[in-house]
Amino acid sequence: MCGIVGYIGKAQAVPVLVSGLEKLEYRGYDSAGISIFENGKIETIKTKGRLADLEEKIAGEGEKLSHIGIGHTRWATHGVPSHINSHPHNSQNGKISVVHNGIIENYLELKAFLKEKGYTFQSETDTEVVAQLFEYYYNGDMLQTARRLLETIRGAYALGILCSEHPDRLIAVRKDCPLLIGLGDGENYIASDIPALLEYTREYYLLEESEIAMLEKDAVHIYGMDGSEIHKDIFHVTWDIDAAEKGGYDYFMMKEIMEQPEALKKTILPRLAENGIDLGDISLTEEEIKNCGRIHIVACGSAWHAGIVGKYVIEEVSRIPVEVDIASEFRYRNPILQKGDLCIIISQSGETADTLAALREAKKQGVKVLSIVNVVGSSIARESDDVLYTWAGPEIAVATTKGYSTQLSVLYLIALHFAKIRETMDESRFAAYLAELKTLPERTAEILKLDAKMADIAKKYANSKDVFIIGRGLDYAAAMESSLKLKEISYIHSEAYAAGELKHGTISLVEDGTLVVAIATQERLFEKLVSNVKEVKARGAKVLAIALEGCGAMEEVADEMITLPKAGDLFTGSYNILPMQLFAYYIAVERGCDVDKPRNLAKSVTVE
Ligand code: G6P
């Protein structure tokens, strides 16, 4: 979703802004633009389309010399992707320029107010209202004006603001949308995410809500709404710039698929203690775990699928009932949370607007929140009672892979830790699970050797119109995640079905040549799946089966067979998804899709 960059300092702003925007492309966008300060006024260059289009336009305007600027990649919410709706948006007198991520909820009301005052609007966006309102309130003092602005606007936002009367300063504010302040030597930055900063600095401030940052070339001052200056801790980026580069792969998605063994090692191994699991310094007490009445897992997209796997695993070993909710449903359905319940929030980015709102709802109802998050210091991480980080490193491709698999691994750790405390499992079973968990990274690496095979199969099915993916239990969760992967990056229509449910309607869509993927990696459900495969075969389906080695009956009925090494049933959700990640990837490549930046999608969904 929209990406923001800003620069003030000794260097030329334009190349810094453009390279920052390139690093934020992964967030998903449909137009881009920059504003700089040149010859005593603000100059804005923007366009619908990709960054390459913007760069061409900038080059066409000749050399641009400025030591301050803001930049933006827009993911359309209010108004179609177009030149006019692209950011930055400028105020009527051209003195104020604004980039914005988020949604201003009361923009219509403010627009009507400003129209009455004689303001005219060019775009359909909520952002233009911010620029005009800033101009309307402007009294020569950017800080005071920003405070008034924040008192008036409602919604979610990260804003970068430039004023031509103060070419030596940049204003940045945020609420419910990410924004970092990068700290350099004689130069400072704003950015929606760390990759945009890494080429220049590894040090940054995290801006809290209702804080106003004033950036100058040699200083950054942060103020509260009462005007007092706030002193903040400096954060250091711990990962390397290489982690945010493609490193020889064609796409980030493939790099991230192949990084899964390493990411799992980093996430699991430090938490495995001598005879149990060490979740570190969490505030959740043994007493609270023992008395936990119900767990509510809340998330969006793939993180929600991880939650479904979590439900199976937690209920199986720790015998606590688990409900799994889509965050956008949870927050508006008046959920019943009771004393002693626990809410587990899952989010790769830690910034998903609906997930953050669900977290706040759970806290409002007095329930403890434990979150599983990949981005350190993100809003969800900061607002939770406890955080268990997935150490996947930066995930750039929109379609998550290593983010998802590390989320599963943390859910296993929670399940086993709770089972041990609640004494719902005997020692030998616990030890066996622990031993398997240790080998999960290696098993993952082994299964990823299916790479070439999945590429071959994908070639055959790249022109499919519809794909149905069936499974039961943990294989059903994998079917849902596989279907999402396929839709996200290859644009093939696909549906996931609990295998036993297909014949209650959807089987009517299966016809000659329809691809049905059958995932069957739980031995106890294996025969049931074979029967379901026979049902679709009888209606002309082509079947790609993903099953455990030694399951000969499936080999007889399937057209394509992928066998996975036998393992225990509990962690199968980590194995069965891997061939399907590869399959979706190769189908997308085969169809010429932009794998890392699929149309209409955003990596970090900061609007509800
Ligand atoms: C977007 C992404 C998905 C992701 C979902 C939740 O829709 O495209 O890949 O699963 O958001 O994101 P989160 O950062 O909260 O895990």
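The values are calculated or read from the model by the stated rules, or taken from the named source; none is laboratory data. Quick caveat: nothing in here was measured; it's all calculated off a predicted structure. Cβ atoms come from the backbone with ideal geometry, glycine included; neighbour counts cover every protein chain shown. Surface accessibility is based on the protein's heavy atoms, side chains included, excluding ligands, DNA and RNA. Shrake-Rupley method; radii C 1.70, N 1.55, O 1.52, S 1.80 Å.
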Result row for the chain, helices from DSSP H with C-alpha axial extent 18 Å or more and mean Kyte hydropathy at least 1.0, is 577-590
Mean Cα-pair separation over length for segment 366-427, i.e. relative contact order, pairs under 8 Å, 6 or more apart, % = 25
How much of the accessible area of segment 341-469, probe 1.4 Å, is carbon plus sulfur, in whole percent?
-> 52
DSSP beta bridges in the chain: the antiparallel percent, rounded to 5, is 60
With every protein chain present, what is the per residue accessible area of segment 119-247 (1.4 Å probe, Å²)?
-> 39
Using modelled backbone amide H atoms (1.01 Å from N, in-plane), which distant-in-sequence or interchain residues come within less than 5 Å of residue 391's amide H?
-> 267
Hey, quick one: spin label on residue 590, modelled 7 Å out along Cα-Cβ, who in segment 524-550 has an amide N within reach, i.e. under 15 Å?
-> 542-545
In Å, what Rg and Dmax follow from the Cα atoms of the chain?
-> 25.5, 79
Any idea what the dipole of the chain comes to, in debye rounded to 20, about its Cα centre with Lys/Arg Cβ at +1 and Asp/Glu Cβ at -1?
-> 1000
With every protein chain in place, the accessible area of residue 449 for a 1.4 Å probe, in Å² rounded to the nearest 10, comes to 140
When the dipole is taken about the Cα centre of segment 165-218, and only Lys, Arg (+1) and Asp, Glu (-1) are charged at their Cβ, what size is it in debye, to the nearest 20?
-> 120
In the full protein assembly as shown, how much of residue 240 is accessible to a 1.4 Å probe, in Å² to the nearest 10?
-> 80
May I ask for the Rg/Rh ratio of segment 382-513, computed from Cα atoms with Rh as the Kirkwood radius, given to two decimals?
-> 1.03
If every Lys and Arg gets +1 and every Asp and Glu gets -1 at its Cβ, then about the Cα centre segment 423-533 yields a dipole, in debye to the nearest 20, of 320
Report the one residue of 134, 51, 39 whose Cα lies farthest in the direction of the positive end of the charge dipole of segment 1-137 (charges on C-beta: Lys and Arg +1, Asp and Glu -1; origin at the Cα centre).
-> 39
Given the candidates 279, 455, 17, the one whose Cα lies deepest towards the positive end of the charge dipole of the chain, counting +1 at each Lys or Arg C-beta and -1 at each Asp or Glu C-beta, is 455
With all protein chains present, calculate the accessible area of residue 304 using a 1.4 Å probe and round the result to the nearest 10 Å².
-> 60
What percentage of the solvent-accessible surface of segment 14-146, computed with a 1.4 Å probe over protein heavy atoms, is contributed by carbon and sulfur atoms?
-> 49
Cα gyration tensor of segment 215-372 diagonalised, 5x eigenvalues square-rooted, in angstrom largest first, produces semi-axes 31, 26, 18
Sticking with the crude label model, points 7 Å out along Cα→Cβ, report the distance from residue 219 to residue 465 in nm, one decimal please.
-> 6.8
Could you provide, to the nearest whole Å², the per residue accessible area of segment 295-365 with probe 1.4 Å?
-> 36
Length-normalised contact order of segment 301-369, Cα under 8 Å, at least 6 apart, in percent, tallies to 32
Mean separation of Cα contacts under 8 Å (6+ apart) over length of the chain, as relative contact order % = 12
Largest first, how would 268, 277, 234 line up by accessible area (1.4 Å probe)?
-> 234, 277, 268
Positive-pole candidate from 433, 3, 474, dipole of the chain, charges at beta carbon = 474
For segment 173-182, in order, what is each residue's ³J(HN,Hα) by Karplus, 6.51 cos²θ - 1.76 cosθ + 1.60 with θ = phi - 60°, in whole Hz (x at glycine and Pro)?
-> 9, 8, 8, 6, 9, x, 7, 10, 10, x
Is the shape of segment 122-171 rounded, prolate or oblate, going by the alpha carbon gyration tensor and its root eigenvalues a ≥ b ≥ c, with a/c under 1.5 for rounded and a/b larger than b/c for prolate?
-> prolate
Within the accessible area of segment 223-264, what % is carbon and sulfur when the probe is 1.4 Å and the other protein chains stay in place?
-> 49
